[in-house]
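Step one of this worksheet: look at the structure below.
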Amino acid sequence: MRNTFARWQTRVTLPTTHTPPAPLRGGRAIPKKIPVIVFITAILTVLPVLIPPCTPAHAEESEPECWAVMVGVSHYKSPKIGDALGCAEDAEELFQLLSPTWGDEHIKLLLDSEASKSEVQVAVEWLVSNEDTNDTVLFYFSGHGDPDGYIAPYNAYYARTWISSRELSRWLSPLESKRVVIILDTCYAGQYETDLSGSGRVVLASCGADELSYSGSAGGVFTVYLLEALSEFSIADANRDYELSAEELFQYAEPETIWDTTDLYIDDEFQEGEIQHPVLSDQYSGELSLLLKFLFNTEPSLPSGSEILVLDNKTYSSTPPEFTWAPGSVHDLTILSSLDTGSGTRYVFTSWNDGDTAVSRTISHGGVYTANYKTQHELTIESVYSVPEGGGWYDAGSTATISVASIEQPTTRHIFTGWSGDYSGDTEVALVTMDSPKAITANWRTDYLLTIESTYGEPEGEGWYESGSTVTISVTPSEGMLIRHIFTGWSGDFSADAPAASVTIDSPKAITANWRTDHTRLYMLIGLMVLIAAINGGLRLRRRKQVM
């Protein structure tokens with residue numbers, strides 16, 4: 001910033017006249033009709049005091065606005081008043097810096113021929129008619145000034161065509177605003193401090209009451225650094241409150257102005273003792289902000305592509321750039337309460353960095369507004385059987401408890417065998433660290449019951465078996481002395497003829513062993529006994545006949 005020294009060495013130009021030409025101020029060159037002119041001038045001067053300008057009624061609670069009149073005169077109408085290099089450019093650049101925020105329609109810019117005394121007065125009246133108690137008001141002038149407390153509008157020549165500090169003060173006196181900034185970049189600017197100061201006002205004068213203000217093609221030294229402060233918001237914001245005040249502009253420009261005018265060359269000649277000392281009159285309680293800066297971010301950063309923020313009815317799908325706002329302006333802001341990425345991770349709003357927990361809020365002060373989100377990961381559990389517990393969303397790094405229970409029915413049972421996927425373990429209850437999205441599967445083994453019914457014999461193979469296994473079943477024939485039970489086959493959920501067989505367990509099985517009863521031996525015994533009885537009877541009969 002201090003490397004601008006060479007600029008003022010080569011470009012600074014002392015105005016050829018800082019005061020109205022002596023003959024014109026002394027009265028000797030004034031025409032004979034001067035009494036009439038003086039009378040008319042006096043009437044015109046008193047009228048604004050007697051008849052206050054009409055101002056529209058303002059709403060009591062209207063939103064604060066910003067209003068400004070900016071005057072810059074580089075080229076004067078009278079050839080007897082030399083040019084003031086860069087003054088018009090200063091005002092125009094100030095307009096370019098503030099108009100995007102304050103609004104073009106809220107600023108009157110008067111340059112060179114547009115800045116006659118009457119036009120400056122009309123502009124101030126426009127200012128008075130629009131501003132309100134809570135508004136911020138700025139009056140800026142860059143041009144010639146003289147040691148008696150006069151500034152030179154474009155048509156400055158006779159005394160009455162200059163603007164005295166008292167006259168300017170009278171024009172500004174109807175202002176209702178208690179937030180008024182007056183910036184004068186003119187020679188002897190400190191002369192105006194007394195008349196222009198007042199409650200709620202901050203006056204920035206480019207030099208002391210008995211000093212010159214220097215300028216070059218780049219503009220006035222003091223204004224150059226004011227503009228630099230406005231352009232380099234973060235550097236000039238001394239207290240880091242993201243509000244750039246008139247006081248901070250002065251704090252930035254004052255030392256730079258003094259330094260740049262310490263070693264000063266005019267027309268290639270070194271001028272000793274011509275240091276320019278800016279003057280500040282501050283009768284505003286606190287700091288009078290001119291611009292606010294709003295920065296928004298999230299912690300952690302959210303994926304772009306989602307509607308993260310709605311600011312003043314405009315939606316932003318990524319973190320927006322910083323905003324510069326007018327002081328007192330109010331802005332509505334709404335953020336996402338949660339953002340689901342669709343990949344098992346979501347972000348849930350918790351609070352702002354200032355402790356506020358509302359997703360919608362009104363912003364009226366500058367600053368960094370950070371929306372804090374907590375990261376959550378989803379835990380999904382797949383299970384063919386039973387109802388697993390523990391699935392859902394968890395804060396990143398937290399521990400989730402998962403569980404599942406085995407199921408046993410009369411003929412079927414599902415036995416838990418372990419977890420797989422993003423977690424492995426074999427206990428029905430387990431702890432899972434949620435450091436990422438988790439997809440876990442509960443694995444099962446299915447068992448079926450095999451039952452065997454048999455009226456006779458000793459069946460073998462009954463019991464619980466894993467699905468898909470093969471089981472051997474058998475039954476031992478039941479042999480009696482006279483009656484035999486002969487196995488004839490299996491029926492039910494399995495059929496076979498052999499008493500020993502292999503069964504595939506793919507479902508619950510109920511199998512019956514079938515039998516046939518054989519009485520052959522009994523019948524043979526009965527027949528033999530009948531035969532024996534018959535023979536016996538015949539022998540007895542024969543003996544009887546022989547005896548007879």
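Bear in mind that the values in this text are calculations on the coordinates, not laboratory data. Worth saying up front: this structure is predicted, and the values here are computed from it rather than measured. Every residue, glycine among them, receives a Cβ derived from its backbone with ideal geometry; neighbour counts consider all protein chains shown.
Remark: spin-label model distance SER507-ILE532 equals 5.6 nm, labels positioned 7 Å along the Cα→Cβ axis. Percent of C-alpha pairs per 10 Å bin in the chain, short distances first: 3, 13, 15, 12, 9, 7, 6, 5, 5, 4, 4, 4, 3, 3, 2, 1, 1, 1, 1, 0, 0, 0. Once C-alpha pairs closer than 8 Å and six or more residues apart are averaged by separation and normalised to the residue number of the chain, the relative contact order reads 9 percent. Here's the list of lysines a cross-link from LYS108 could span, going by alpha-carbon distance under 16 Å and ignoring same-chain residues fewer than 8 apart: LYS117.
Each part reduced to its alpha carbon centroid, the range 411-480 and the range 319-358 end up 54 Å apart. Each peptide among 294-303, 78-87 gets the average number of other Cβ atoms lying within 10 Å of its residues, and from highest to lowest they stand as 78-87, 294-303. Once you divide the Cα radius of gyration of the range 455-521 by 2.2 N^0.38 Å, the number left is 1.23.
When both the range 193-235 and the range 119-164 are represented by their alpha-carbon centers, they are found 16 Å apart.
Multiplying the residue separation of TYR385 and SER398 by 0.36 nm and subtracting their alpha-carbon distance yields 2.0 nm. Between GLN251 and SER304, what is the FRET efficiency for a Förster distance of 30 Å, r being their Cβ-Cβ separation, to the nearest 0.05? E between GLN251 and SER304, to the nearest 0.05, is 0.20.
What you get for the chain, charging only the Cβ of Lys and Arg (+1) and of Asp and Glu (-1), is a dipole of about 3960 debye around the Cα centre. Considering the dipole of the chain built from charges on the beta carbon (Lys and Arg +1, Asp and Glu -1) around the Cα centre, which of ALA510, ALA156, PHE323 is farthest to its positive end? Going by the Cα projections, it comes out as ALA510. For ASP435 and ARG542, the difference between the fully extended length at 0.36 nm per residue and the C-alpha to C-alpha distance is 27.3 nm.
Rounded to the nearest 20, the size of the Cβ-charge dipole of the range 376-444 about its Cα centre is 160 debye, with Lys and Arg at +1 and Asp and Glu at -1. Here's the list of lysines a cross-link from LYS374 could span, going by alpha-carbon distance under 30 Å and ignoring same-chain residues fewer than 8 apart: LYS293, LYS314, LYS438. Within the range 390-548, the percentage of alpha carbon pairs spaced more than 18 angstrom apart rounds to 73%.
Only aspartates and glutamates eight or more places from LYS178 in sequence, or on another chain, were considered; those with a Cα closer than 16 Å are GLU60, GLU61, GLU63, GLU65, GLU131, ASP132, ASP135, GLU247, ASP282, GLU287. Looking at PRO79, MET529, GLN283, which one has the Cα that reaches farthest to the positive end of the dipole of the chain (charges on Cβ: Lys, Arg +1; Asp, Glu -1)? Ranked along the dipole, the leading option is MET529. Note on SER113 and LYS374: their simple-model spin labels are 7.0 nm apart, each label 7 Å out from Cα toward Cβ.
Our helix-only sum for the chain, with -39,500 (n - 2.57) per DSSP H run of n ≥ 4 divided by its residues, gives a mean residue ellipticity at 222 nm of -7500 deg cm²/dmol. Taking R0 as 25 Å, what's the FRET efficiency between THR315 and SER99 from their Cβ-Cβ distance, rounded to 0.05? Efficiency for this residue pair is about 0.45. Extension gain for ILE258-LEU522 works out to 80.9 nm (0.36 nm per residue, less the C-alpha to C-alpha distance). Sorting the segments 172-185, 518-531, 347-360, 233-246 by their residues' average number of neighbouring beta-carbon atoms within 10 angstrom, most packed first, yields 172-185, 233-246, 347-360, 518-531.
Note on the range 420-463: with charges restricted to the Cβ of Lys and Arg (+1) and Asp and Glu (-1), its dipole about the Cα centre is near 340 debye. DSSP beta bridges confined to the chain are antiparallel in about 70 percent of cases. Dipole orientation for the chain: of the candidates VAL202, SER343, TYR456, TYR456 has the Cα lying most toward the positive pole (charges on Cβ; Lys, Arg +1; Asp, Glu -1). Spin-label pair SER217-PHE323: with each label point 7 Å from Cα along the Cα-Cβ axis, the two points sit 4.1 nm from one another.
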